[in-house]
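Just below is one structure, and these are the notes that go with it.
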Amino acid sequence: MHIGCANEVMQLMNGKQREWVETFRSQQALYQAFGQCVQQFLSHLLDEANIPINGITYRVKSVDALAEKLTRPGKDYESLIEVTDLVGVRVVTNFADDVDRVVRVIDRHFEVDLDHSEDKRPHDPHWIGYSSVHRVCLLPPAVLARPEYARFAGLRCEIQVRSILQHAWAEIEHDLGYKVAGGIPSSLRRRFSMLAGLLELADDQFMRLRDELSLYSTRVVAQMHDHPESVALDPISLETFIRRSDLVQALDEEISGMRGRPLMGPTKAVLEARVEELEHLGITNLKDLADALEQSQERVRSLARQIYRDDRRRGLPMSRGSCLSLLVQVLIGRRESLDEIRALLDRFNIGAPAARDERALLLRSMAQGLPAKR
């Protein structure tokens, strides 16, 4: 708020309102601590409920914003405590249907003031504009009973929950300076309607993609045993193979023990890199992969013993599926020329650059006498 505007607002306030503003100014540290407490408590609850979120933030209303709110037409507060959004907490979910899951957690674990709470998601098919669920909350008695939180008794906050695309709409709408429901120029209303429809459609499509990916993962598990040749290699099928193959588990455990490093993951980046490498080497489905690992498992063990004799990163985690990284190197070693082997090591960034000539010689010597790749 500009200084001139702030002065005008101050002149509109009565003595009681000025007193509330000064009280709030003196309690900024308290409200900041309250906002942080709610944020941390809610983050913990959502982690326990296994609800993935894009982010959770809080803000304390500025003194100028409070002064402006107190003097708005139609606002008639009896006390400062009736201003329910002095602290605001915002939860942004990845998917629209997770909004209801978050709201259920809030309703179950907070003291919710339903009279001042609101579901601002559109129920009118012709509505366009802001979409969010607001819950006005107090911390529950079990939390306030702890001595360090007793000072937050009676304080309320407004928790807003919306999807990331609903959040994008709200931020852009705010930046443009219009509240759509308040009446934007009629010449622009159609374009706002189109954009609102696109974002709602995108929310729906993201949820469908998530559900279909989950179903695909389930199908991979079933097909992996009955028809592995029908399961194309991709990050999802590869992760399933890594977690369910007895041979992968056994080899990874051996390598983990040899290196003195615990197993974790695998990460998305590791899976994507491994798929690229294997596909380049002609491994295109889970049957190809299982056969190649079965046939090469002794060379995988031998290579691990030779390159991990002195692992300087003992104690640090290593990725599950590490045996497949060694399989890639074994397969590279079967290439006809040393130059091709070295080029593939460079392409896939395998080993330290200064040691790749030595690694290429090692891989080629291990491959001597192997039958040609079919």
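Going 7 Å from the Cα of ASP357 along its beta-carbon direction, which residues of region 326-346 have the amide nitrogen within less than 13 Å of the resulting point?
Residues 339, 342 fall inside that zone.
Give the Debye-formula value of log10 I(q)/I(0) at each listed q (0.14, 0.15, 0.20 Å⁻¹), with one equal scatterer per alpha carbon of region 182-337, two decimals each.
Per q value, in the given order, log10 I(q)/I(0) is -0.74, -0.82, -1.27.
Under 5 Å between amide hydrogens, which residues at least 5 positions from SER163 or on another chain qualify, with H placed 1.01 Å from N in the peptide plane?
Amide H to amide H, under 5 Å and 5 or more residues apart or across chains, SER163 pairs with THR93.
Shape call for region 254-314 from the C-alpha gyration tensor, a ≥ b ≥ c root eigenvalues: rounded (a/c under 1.5), prolate (a/b greater than b/c) or oblate? All intermediate terms of the calculation are to be shown ahead of the outcome.
Details: a/c = 2.35, a/b = 1.44, b/c = 1.62.
Since a/c reaches 1.5 but b/c is at least a/b, the shape of region 254-314 is classed as oblate.
PRE reach from ASN349 (point 7 Å along Cα→Cβ): which of region 260-294 fall under 17 Å by backbone N?
267-278
Take the alpha carbon gyration tensor of region 271-374, find the square roots of its eigenvalues, order them as a ≥ b ≥ c, and report rounded if a/c is under 1.5; if not, report prolate when a/b exceeds b/c, else oblate.
Values: a/c = 1.40, a/b = 1.13, b/c = 1.24.
Here region 271-374 falls in the rounded category.
Simple spin-label model, 7 Å along Cα-to-Cβ: GLN295 to ARG151 in nm?
Those two pseudo-labels are separated by 7.1 nm.
With a 1.4 Å probe and every protein chain kept in, tell me what percent of the accessible surface of the chain is carbon plus sulfur. Working shown, then result.
Working: 10660 of 20920 Å².
Carbon and sulfur atoms account for 51 percent of the accessible area of the chain.
Give me a comma-separated list of calculated 3J(HN,Hα) values for region 326-331, in order, Karplus coefficients 6.51, -1.76, 1.60 applied at θ = phi - 60°, integers in Hz, x for any Gly or Pro.
Those phi angles translate into 5, 4, 4, 5, 4, 5 Hz.
If you average the sequence gap of Cα pairs under 8 Å that are 6 or more apart and divide by the length of the chain, what percent do you get for the contact order? Don't skip to the end; give the middle numbers.
Working: 439 pairs, mean separation 41.5, N = 374.
Normalised by residue count, the contact order of the chain is 11 percent.
Give me the distance in nm between label points sitting 7 Å out from Cα along the Cα-to-Cβ direction at GLU336 and ASP211, one decimal.
About 5.3 nm, to one decimal.
Of GLY197, SER325, GLN36, which is farthest on the positive side of the dipole of the chain, counting Cα position, with +1 on Lys and Arg Cβ, -1 on Asp and Glu Cβ, and the Cα centre as origin?
So the residue furthest toward the plus end is SER325.
Beta carbons within 10 angstrom, averaged per residue: use that to sort the peptides 111-117, 85-91, highest first.
Working: 111-117: 13.6, 85-91: 22.3.
Top of the packing list down: 85-91, 111-117.
On average, how much accessible surface per residue is there in the chain, in Å², for a 1.4 Å probe, leaving out ligands, DNA and RNA? Mind dumping the intermediate values first?
On the way: 20920 Å² over 374 residues.
Accessible area per residue: 56 Å².
With +1 on each Lys and Arg Cβ and -1 on each Asp and Glu Cβ, and nothing else charged, work out how big the dipole of the chain is about its Cα centre, in Debye to the nearest 20. Mind showing how you got there, number by number?
Numbers: 50 positive and 55 negative charges, 190 e Å.
Its charge dipole is roughly 920 debye.
At 222 nm, what helix-only mean residue ellipticity would the chain give, in deg cm²/dmol to the nearest 500, using -39500 (n - 2.57) for each DSSP H run of four or more? Don't jump to the answer; show the numbers that get you there.
Numbers: 15 runs with 213 residues, N = 374.
Computed ellipticity for the chain at 222 nm equals -18500 deg cm²/dmol.
May I ask which residue of HIS280, SER26, GLN160 lies farthest towards the positive end of the charge dipole of the chain, with charges of +1 (Lys, Arg) and -1 (Asp, Glu) on Cβ and the Cα centre as origin?
Final value for the positive-end residue is HIS280.
Quick one: grab Rg to one decimal and Dmax as a whole number for the chain, Cα atoms only, in Å.
Here Rg and the maximum Cα pair distance are 29.9, 95 Å.
Could you pull out every one of the aspartates and glutamates with an alpha carbon less than 17 Å from that of LYS16, ignoring same-chain neighbours closer than 8 positions?
GLU8, ASP64, GLU68, ASP76, GLU78, GLU82
Roughly how many Å² of TYR308 are accessible to a 1.4 Å probe, to the nearest 10?
Accessible area of TYR308: about 40 Å².
Over region 232-279, with a single point scatterer placed on each C-alpha, what log10 of the ratio I(q)/I(0) does the Debye formula yield at q = 0.20, 0.22, 0.29, 0.33 1/Å?
For region 232-279, the Cα-only Debye profile gives -0.71, -0.84, -1.12, -1.17.
The values are calculated or read from the model by the stated rules, or taken from the named source; none is laboratory data. Worth saying up front: this structure is predicted, and the values here are computed from it rather than measured. Cβ atoms come from the backbone with ideal geometry, glycine included; neighbour counts cover every protein chain shown. Areas reflect the complete protein model, heavy atoms only, side chains present, ligands, DNA and RNA absent. Shrake-Rupley method; radii C 1.70, N 1.55, O 1.52, S 1.80 Å.
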